[in-house]
Each structure stands twice: as structure tokens, then as C-alpha cells.
Amino acid sequence: MTGEFEGAVVLVTAAAGRGIGQAVARRFAEGAARVVVTDIHERRTRDVVKAMAEDFPDREIAGYPMDVGDRNAIDDVVKKVLGRFGAIDILVNNAAVNILGSIFDYRPADWDRVMDVNIHGPWYLARQVLPHMRDRGHGIVINIGSYAPDVGGAGMETPYAVSKGALNTLTRCLAHEGGAVGIRANTVSMGMVEGTKFVMDHPELRDRSDTLGPLGSLPDKTEIAELVAFLASPGAAHITGEIINVSGGAYMRN
């Protein structure tokens, strides 16, 4: 436990599943941060907070159920976190929905849900948190993205690709507007990641050459968490507005 995030307050969305969000939350706890676990699933949120408190007894771990597609829920959680900790230093927008389907018959309700969670939620969370970061003179936003917008939503995931493309643009806008007041923003982009629900739900996509890339294997969720931690660290003090791809070469950004 290095202590590089000693005292920092980190809010991670969708952090009570078995995938990237919880891996990120645990990595920040290892670094001595005060970690806020949020997730749409109330019982799961409670269970993960309890488990993390047992694994990191010297860390302050809090948990709040939150649907990032619900602005009232975001308002409530941000208010509670600021009331308890007095700050949110690092925001990790990890929550995402990917409902597969052909563009020819995609249901409008599914499109709306993907947009609400994948782009409207991150934008609104940032909107509610950024003024407090500005007042303190520092803050970090890390968005969890995808290379889907770069390959045109291959695999019948057009809404997901569109939302993640918008998320990349949001990252750059946050970086431009936030830089003068000490706020940095970056996106960690990826394809399929080992240890996530999507990989478990879609084994038919798991071992394709275009999924694995030239390295022949998928990145693990802990590797994603490590990159997120680096981007939040002083070592990345001059990295902002970037879309950093972790895909084993499955997609190589030009």
C-alpha cells in the first residue's frame, strides 16, 4: 500500500460489480484514498463496501446506491458525499450499458437508456462535481471509454459506440475548460477486458483475432485499474484531454 492517494476522495460509478469499477475502487483504496463506491444495485453496493472495509481496515470506504441515468439520484449522492467528506477529488465515470441490436430495428427505449447511462450521466456528474473541484483548485475526471466509436460500432452496438464517441468529446471539453483551474480529464479506452461481465456474457467474441489483437490476449481489469490510478497520480500531471487505448493492439489509434 503505497499511500500515493492519501486523503483523496474518489467516487467510482458502477463499482460494485465484478469488473473494472470494483478493481478501480480497490486500487485507490490500496493507495490510501477515501473511496466512494456507487452502483445501481443496493445490496451489491452494501456487500462490496463491507468486503472492502474488511480488506482495507485502515481506509474509509463509503457506499451509495445510484443509477447514473437518474439526475435526482446523482444530486442526492453528491450532496451526501460532500457532506461526509467535504470534497470529491477524483471522479471515475465507469458505469455503462451496452444493449446489442441492429440499427434497423433498435428499440428507442434501449437507445435512450444507453445514452442516459453512458453520456448524460457522466456529463451531469461532472457538472455537479466540477464547481467544487474548481473552488479547491484541483480535480481529476477519468472516463472509462471504448474504441467502439473508432470502428463504427462493429458488432451491432451502434448506440454504445455513439455514446462512447460523445464521451471522448466530453473528456476533451472538460480538459479544455478545466485546465485553467487545475482540473484534468482523460479517457481510458478499451475493447473487451478480462474479468468483466461482458466477456463472460459473450464467450463467442472472446477469442477472435480482431478482439485479441497482435498480443494474443485481453487486458485484465486490474491493468485498467492501474492505468486509471496512474492518470490520477502526480506522475500524470501534464496528461489531459487524452484518449488512451488499452487493447493489446486490437485497435491502434492513429
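When the residues of the stretch 161-174 are narrowed to those that are of a type in the set (A, V, I, L, M, F, W, C) and closer than 16 Å to Leu125 by Cβ, which ends up least open to solvent (accessible area, probe 1.4 Å)?
By that ranking, first place goes to Leu167.
Residues are listed down the side, and each one gets a yes or a no for (1) modelled with pLDDT of 95 or more; (2) among the charged types (D, E, K, R); (3) within 26 Å of Ala29 (Cβ to Cβ):
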residue: Pro203; (1), (2), (3): no, no, no
residue: Gly213; (1), (2), (3): no, no, no
residue: Leu218; (1), (2), (3): no, no, yes
residue: Glu223; (1), (2), (3): yes, yes, yes
residue: Ala229; (1), (2), (3): yes, no, yes
residue: Gly235; (1), (2), (3): yes, no, yes
residue: Ile244; (1), (2), (3): yes, no, yes
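I need a count of the residues in the stretch 231-254 that are assigned to a helix (DSSP H, G or I), surrounded by 17 or more Cβ atoms within 10 Å (Cβ to Cβ) and out of contact with any helix residue (DSSP H, G or I) (no Cβ under 8 Å at 6 or more places or on another chain).
1
Looking at Ala87, Ala175, Ala180, which one is of a type outside the set (D, E, K, R), more than 29 Å from Phe198 (Cα to Cα) and touching a Ser or Thr at 6+ places or on another chain (Cβ under 6 Å)?
Among Ala87, Ala175, Ala180, only Ala175 is of a type outside the set (D, E, K, R), more than 29 Å from Phe198 (Cα to Cα) and touching a Ser or Thr at 6+ places or on another chain (Cβ under 6 Å).
Give the number of residues within the stretch 69-105 that are open to solvent by 40 Å² or more (accessible area, probe 1.4 Å), at pLDDT 95 or above and farther than 19 Å from Asp135 by Cβ.
Count: 5.
Out of the residues in the stretch 208-218 that are assigned to a loop (DSSP other than H, G, I, E, B) and out of contact with any Leu (no Cβ under 9 Å at 6 or more places or on another chain), state the one that is most open to solvent (accessible area, probe 1.4 Å).
Result: Leu215.
Find all pairs meeting these conditions: Cβ atoms under 6 angstrom apart; at least six residues apart or on different chains; first residue within the stretch 152-170 and in contact (Cβ under 8 Å) with a residue 24 or more places away in the chain; second residue open to solvent by less than 20 Å² (accessible area, probe 1.4 Å) and of a type in the set (S, T, N, Q).
Every condition considered, the pairs that remain are Ser163/Asn118; Lys164/Ser146; Leu167/Asn143; Asn168/Thr187.
Go through the stretch 124-135 and give me each residue that's charged (D, E, K, R) and buried (at least 16 other Cβ atoms within 10 Å of the Cβ).
Answer for the stretch 124-135, where residues must be charged (D, E, K, R) and buried (at least 16 other Cβ atoms within 10 Å of the Cβ): just Arg134.
Filter the stretch 136-160 down to the residues that are hydroxyl-bearing (Ser, Thr, Tyr) and assigned to a loop (DSSP other than H, G, I, E, B), then identify the one that is surrounded by the fewest Cβ atoms within 10 Å (Cβ to Cβ).
The selected residue is Tyr147.
The values are calculated or read from the model by the stated rules, or taken from the named source; none is laboratory data. None of the values given here were measured: they were computed from a predicted structure. No Cβ is skipped: glycine too gets one built from the backbone with ideal geometry, and neighbour counts run over all protein chains shown. Heads up: the accessible areas ignore ligands, DNA and RNA and are worked out on the full protein's heavy atoms, side chains in. Shrake-Rupley method; radii C 1.70, N 1.55, O 1.52, S 1.80 Å.
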